[in-house]
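Worksheet: the structure to be examined is printed underneath.
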């Protein structure tokens, strides 16, 4: 069993969106709604808990993909490795209360007084006293914190709050599903317990991890932290990490005289997590437990609780102890975590708990989709540097060569990622990647062609040619007395002129873009099918003429040489 080391005093941590240095009051700043996203062009938005997993009244689950994408697919997060920390456990045991102190630390850790003033109310994730549940589903804090870890990399720290288990409105399946999802998504999960780690707590943990599904879950989960709240036996095991480590070793010890069922429970838990640790917390005090108007002010909390809180939160969140999310040995980025969220929620949509095979397949599917997304993103970024944005027009042959080279790089990246499911399973995702890259290439061709001044002028040039040809034909046929054809040509010429004016207005105003696209398509088809063929035929006729009368071509070349 491995435990986390105690935090070091010195560390450098950078936050997203901005450092809170100079803030006098975390709670005051939060209540004024001053937290904003990093882009100055975007409207200021207050940081808040975002519901990403919704539990409906009919006990079905729904993933809010739009909210999830906004958080995990932002420019600052999508390609960074993710540390996902969640708190789970029975309802009304102070999970959201603890999460809000984690927020205070993340916003104010550069200050020695990150806990704030003793007279500040506690804000952040919604919480309250009482006996009824507050949090439902899974919530994520809308701001992701960027932290420099000792390896030199900057990781994205995601804080998740989960629905408490065993409340009066949730079924056993609801509780098991929320717990399993949060466990499979998290890299560090705090298992919040009250007063003690009892045998039924361990059995419930085993049940929620699905005894027959541990092989699948072991691909995904990493660290489990038992947080025992309201610990009443400090004379046996001291508060904090040291006492918790000794207490956990005693609770999870496997001995020969234990019943086989008890041994299996402990073996299963050990097999699921790479790191297991424990922290013992004292009771926050009677004022907290009995005051219906308690709003989190530290002046009403017992000093023993505050002392241990100052140790617990930095121990969990200091840069040295942050653990990046890994699945099957692959470190997961924000973009990859989105794919795992979507894959896992699908298998929990039915009325029955998913079969191990379904869970393994969903994990393998998300694993391959994350590799596809990473490879496609590499291709897109490189192609943007070649012909995207304000880059100048690139010759079609050069663009194709760049495409082929980058396509090969993307495929090599996909094949180099450690994937689940086997080679045969991954082959269809490789085909999907190739298909999506080819679609992107077609779009880049169109974008590149739009920068070609001759290509951009093809529509008006085609219409001008049509107008000119119709004008000439109308003049000739009118001169020789074929008025019907002359009138028809005049009508076509007028229609082409109106179309040209309409196209010019659309390009100038940006309105009726669909009509403009139709005009471009018709003009392009007319150019490709008629005018270009006429030009090609004329060129071929000239070639045949010179081949038939080589003397004329020789005389022309001599005349040209004399002029030179």
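Restricting segment 358-401 to residues that are without any contact (Cβ under 8 Å) to a residue 12 or more places away in the chain, assigned to a helix (DSSP H, G or I) and surrounded by fewer than 16 Cβ atoms within 10 Å (Cβ to Cβ), the residue that is nearest to the chain's Cα centre (by Cα) is 381.
Among the residues of segment 447-473, those identified as surrounded by 13 or more Cβ atoms within 10 Å (Cβ to Cβ), without any contact (Cβ under 8 Å) to a residue 40 or more places away in the chain and over 30 Å from residue 383 (Cβ atoms) are 464, 467, 469, 470, 471, 473. Taking residues in segment 144-170 that are in the same structural domain as residue 331 (by TED's automatic domain parsing) and on the phi > 0 side of the Ramachandran plot, and partners anywhere that are part of a strand (DSSP E or B) and at pLDDT below 90, the pairs with Cβ atoms closer than 6 Å and at least 6 places apart or on different chains are 166/90.
Among the residues making up segment 474-514, a single one is without any contact (Cβ under 8 Å) to a residue 12 or more places away in the chain, over 49 Å from the mean Cα position of the chain (by Cα) and under 15 Å from residue 459 (Cβ atoms): 495.
In segment 295-315, the residues that are at positive phi and in the same structural domain as residue 114 (by TED's automatic domain parsing) reach residues that are in a helix (DSSP H, G or I) and crowded, with 17+ Cβ neighbours inside 10 Å with C-beta atoms within less than 9 angstrom, at least six apart or across chains, in these pairs: 296/27; 296/97; 296/100; 296/101; 296/288.
Every residue, every condition in (1) at pLDDT 85 or above; (2) under 29 Å from residue 420 (Cβ atoms); (3) in a loop (DSSP other than H, G, I, E, B), yes or no:
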| site | (1), (2), (3) |
| --- | --- |
| 225 | yes, yes, no |
| 245 | yes, no, no |
| 256 | no, no, yes |
| 270 | no, yes, no |
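Among all positions in segment 324-332, there is no residue which is farther than 20 Å from residue 188 by Cβ and either at pLDDT 80 or above or in contact with a helix residue (DSSP H, G or I) (Cβ under 6 Å, 6 or more places away or on another chain) (or both).
The helices (runs of 4 or more DSSP H) falling completely within segment 451-555 that include 2 or more residues that are at pLDDT 80 or above and in contact with a helix residue (DSSP H, G or I) (Cβ under 9 Å, 6 or more places away or on another chain) map to 458-479, 483-509, 513-526. Scanning segment 44-66 for residues that are loosely packed, with under 13 Cβ neighbours inside 10 Å and either at pLDDT 85 or above or in contact with a helix residue (DSSP H, G or I) (Cβ under 7 Å, 6 or more places away or on another chain) (or both) yields a single hit, 66. Residue 331 falls short on exactly one of the conditions (1) under 30 Å from residue 416 (Cβ atoms); (2) buried (at least 19 other Cβ atoms within 10 Å of the Cβ), and that condition is (2).
Residue 266 meets the conditions (1) modelled with pLDDT under 85; (2) in contact with a strand residue (DSSP E or B) (Cβ under 8 Å, 6 or more places away or on another chain) in every case but one. The failed one is (2). When we screen 422, 389 for residues that are at pLDDT below 85 and under 30 Å from residue 328 (Cβ atoms), the only hit is 422.
The values are calculated or read from the model by the stated rules, or taken from the named source; none is laboratory data. Nothing here was measured: the structure is a model prediction, and the numbers come from that model. Virtual Cβ from ideal backbone geometry, glycine too; neighbours counted across all protein chains shown.
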